[in-house]
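Scroll down for the structure; my scribbles are underneath it.
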Amino acid sequence: APSPTTAVPYMSVKCIDVRKNHHKTKWLMPWGPNHCEKLKDFDEAVSKQIEANDIVFAVHIPLPSKEMSPWFQFMLFIMQLDIAFKMDNDLKENAEITLDVSLAYRDDMFDDWEEIAHAIEIRKLKCTFGSPKTLESEGRHYDCDFLPFMEIGSVAHKYYLINIRLPVNERKGINVGIGEIKDIRLVGIHQNGGFTKVWFAMKTFLTPSILIIMVWYWRRITLMTRAPVLLEKVIFALGISMTFINIPVEWFSIGFDWTWMLLFGDIRQGIFYAMLLSFWIIFCGEHMMDQNERNRLSGYWKQVGPIAVGSFCLFIFDMCERGVQLKNPFYSIWTTEVGTELAMAFIIVAGICLCLYFLFLCFMVFQVFRNISGKQSSLPAMSKARRLHYEGLIFRFKFLMLITLACAAMTVIFFIVSQVTEGHWKWGDITIQVNSAFFTGIYGMWNLYVFALMFLYAPSHKNYGEDQSNG
């Protein structure tokens, strides 16, 4: 598959929007048949006596002679400001920039633009200046961090238009002391259509395979004369959560404008993570052969509790970011002090829970292996059927434990890397190129793991003769 996402740089065009000879439409196009009246730079605006309030930065998505496609799945935009140093117009400490932004779409080059969203957003400027602030340095640019700008959860239309105004009001102190802005650049990130097709194909292929093994597995359990044990129920629940992730509802996003698909995808993945982590704890606990509190979910509340708290924190955090973006795509939790602190708090709490969980899991695995090696010494004294039963259990457990540890390590790496790549644009850190092999590989690994669990832990229908009753 091609790489998962593509980043496209856009340069905004400065349009004049003077109310006296007002345009037929309030939307200003940067190019094309009815494009706006353009400015080269702000010096030209000064000479023509055009005020800052009459300048609109226009960006058309995509670039000329291209069109967007529903296969792109989402659009994420990052803003970068080119700010020059001027002695008489310096950038203040903790400066804030106020943006009056509008987003519109159309599906035909000759249709009218339809508004999707309009908002007034405030972003904090984090800029550094490498040279001393003297007359010689005038005109040099500040080094500014990327600003989160916009995120949309579906690409249902062919053409999009962004109009950005920087309203100036000296009395209220709006957009004062933000330095001399030369240009506004945007970086648009969307999923590659080729990757989307591979992803959909994988989901469509894997859904029936997990469903079939689930039906087979549950049939095996119902054939038994006894009630299903806790471990069997948990494996079945894990199968259900895997199927929930697998079902390719994304096919509908090609025909419908469902902006909530990103949020829905996050919730599905969250449920699976929580189920997988709970399963690993119960899986180890049920193999501690000398434990009294076995086969009851209530015996695991101390271990499953932190997982539930961590999952709930991440769910609240996601609702605060992506939930609000359904109404206002320009919203970002990272733009305000309180929002950033809250977001970081949620992520840190979830991170601490994950670390505690991992340490506890390692401790449990160590205990189980110690238990099992003690049991192995008493195997030769057992009756044949019982010995076979225990040898089978021990082999299956050791085999699955190795796979589980590999799976856990890969899942943790995947979780951290995907958070860093998402956060990279928000925090302006190092970039990590995650290729499709990693995404498809992890996803395939989860499916194989769940498949193997059901296959190896389905109760045996074989009868070992009269010897069985002793065990």
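Overview of values
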{"read-out": "Cα-centre dipole for the chain with unit charges at Cβ (Lys and Arg positive, Asp and Glu negative), debye to 20", "value": "2160"}
{"read-out": "Per-residue SASA entry for D183, accessible area with 1.4 Å probe, Å² rounded to 10", "value": "30"}
{"read-out": "Listed pairs K302/K398; K26/K182; K124/K327; K38/K133; K14/K126; K124/K182 exceeding 27 Å between Cα atoms", "value": "K38/K133"}
{"read-out": "Accessible surface, segment 194-457, averaged per residue in Å² (probe 1.4 Å)", "value": "51"}
{"read-out": "Largest to smallest accessible area among S47, S12, S311 [probe 1.4 Å]", "value": "S47, S311, S12"}
{"read-out": "Residue (of T259, L76, V187) at the positive-pole extreme of the chain, dipole from beta-carbon charges", "value": "T259"}
{"read-out": "Within the accessible area of segment 194-457 (1.4 Å probe), percent carbon and sulfur", "value": "73"}
{"read-out": "Principal-axis tilt of helix 230-246 within the chain, Cα atoms, nearest 10 degrees", "value": "30"}
{"read-out": "Rounded accessible area per residue of segment 1-158, 1.4 Å, Å²", "value": "54"}
{"read-out": "Accessible surface, 1.4 Å probe, highest first, among residues L402, L206, L161", "value": "L402, L206, L161"}
{"read-out": "Listed residues D88, D107, D54 arranged by accessible area, highest first, probe 1.4 Å", "value": "D88, D107, D54"}
{"read-out": "Among (1) 21.3, 74; (2) 24.4, 72; (3) 29.0, 103, the entry that matches Rg and Dmax of the Cα atoms in Å as calculated here", "value": "(3)"}
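The values are calculated or read from the model by the stated rules, or taken from the named source; none is laboratory data. Here the structure is a predicted model, which means the values were calculated and not measured. Every residue, glycine among them, receives a Cβ derived from its backbone with ideal geometry; neighbour counts consider all protein chains shown. Side chains are part of the model used for accessible areas, which takes the heavy atoms of the whole protein and leaves out ligands, DNA and RNA. Shrake-Rupley method; radii C 1.70, N 1.55, O 1.52, S 1.80 Å.
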